[in-house]
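What follows is a set of notes on a single structure, which appears directly below.
The values are calculated or read from the model by the stated rules, or taken from the named source; none is laboratory data. The shown structure was predicted, so the numbers you read here are calculated from the model rather than taken from an experiment. For neighbour counting, all protein chains shown are included, and Cβ atoms are generated from backbone atoms with ideal geometry for every residue, glycine included. Accessible surface areas use protein heavy atoms only, side chains included; no ligands, DNA or RNA. Shrake-Rupley method; radii C 1.70, N 1.55, O 1.52, S 1.80 Å.
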Amino acid sequence: MTFLNTGTHIVVGIDGSDTSLGAAKWAAAVAGKLGRTLQLVCSTQHPTRLPGIGDPTLTQQLTDSLSEAGTRVLSDAVAAIRQESPDVRLTTLLDEEAAPAATLLDAAQDASLIVVGATGRGSVERWLIGSTASRVVGRAHRPVVVWRGDPADPPLDTRPIVVGVDGSPASAVATESAFGFAALTDAPVTAVRTWTDEFPVDAVTPDSTPIAGPAAMLVDWDAVAREEATKLSEILAPYRQRFPDVPVEEVSSRGSAARELLRVLDDAQLAVVGSRGRGRIAGALLGSTSQNLLHRATRPVMICRGDETDPS
């Protein structure tokens, strides 16, 4: 099951930054196409005390100021979204207690999708993923879109949806999501499968024995390339049957998965990849491909879990 056919709403984090507003407009367009409610979530996390200041009056003034700021941020976001998506159903949530990531994760218990800007207010480096986005991706039980792009032009378009395909359960969820999203936006799919000269075909487990040294010279790498391309076609065959109107480009290449995905993403609108890890430890250690995309992509990236129903 993917975000296309589960959940009651889409959750997006708002913090007053241009990036979060761009993410919200993008999420509103998706919510409109899916007929889902969009929930705008803002966290102010009021301080319990101010270091070096014991006057409770000053603390209360800061608390009130943060509350007013959060309310204003949500109000401005609603107004901006209404201009571009007037018919989408909107709700808002202002959390004055929890940190932004915790607020988003709690709000997304029954959500279809979580959308968060790659960077937020106060970010030093525009292209460095923010702490909130990183925490949400690492701990979410739902697909997460880390949005990055031009805040002035965030809506959906018909450029390709790029998906990484490696045959794993997480990749299967990502592939289904990519095809569904492509059908939703009348876009084609670019399916990418890569391989290296260190591992044989289908060696996707960490304990696979690498092919190195003199043994590598005995391998017919042209045959490997053909077999990898055939494997990609076999993996995609069921999705082509289920989504016959979605054009598909198959890319099977030798080299880095992250590098190839980033290359084709230059001409696309969204990348979709799977992630096997979730939780405080496993989720913090996303695969190298996911990490590379999250930090280096100039387009939105969707991270899908291998088993969306597993609450562990």
The number of residues in region 139-179 that are outside any loop (DSSP other than H, G, I, E, B) and either in contact with a helix residue (DSSP H, G or I) (Cβ under 9 Å, 6 or more places away or on another chain) or among the acidic types (Asp, Glu) (or both) is 15
Condition first: touching a Gly at 6+ places or on another chain (Cβ under 8 Å), at pLDDT below 90 and among the hydroxyl-bearing types (Ser, Thr, Tyr). Can you find one or more residues in region 158-175 that meet it? yes
Only unsatisfied item for Ala102, checking (1) of a type outside the set (S, T, N, Q); (2) closer than 23 Å to Gly13 by Cβ; (3) at pLDDT below 95; (4) assigned to a loop (DSSP other than H, G, I, E, B), is (4)
Here the qualifying pairs (Cβ atoms under 8 Å; residues six or more apart or on different chains; first in region 231-260 and closer than 11 Å to Ala191 by Cα; second open to solvent by 70 Å² or more (accessible area, probe 1.4 Å) and outside any strand (DSSP E or B)) come out as Val248/Arg240
Scanning region 36-50 for residues that are at pLDDT 95 or above and aliphatic (A, V, I, L, M) gives Leu38, Leu40, Val41
Here the residues within region 1-47 that are more than 24 Å from Glu97 (Cα to Cα), open to solvent by 30 Å² or more (accessible area, probe 1.4 Å), in a helix (DSSP H, G or I) and not hydrophobic (A, V, I, L, M, F, W, C) are Lys25, Gly32, Lys33
(message) Can you say whether Asp245 is modelled with pLDDT of 90 or more and in a loop (DSSP other than H, G, I, E, B), as far as the supplied structure shows?
(response) yes
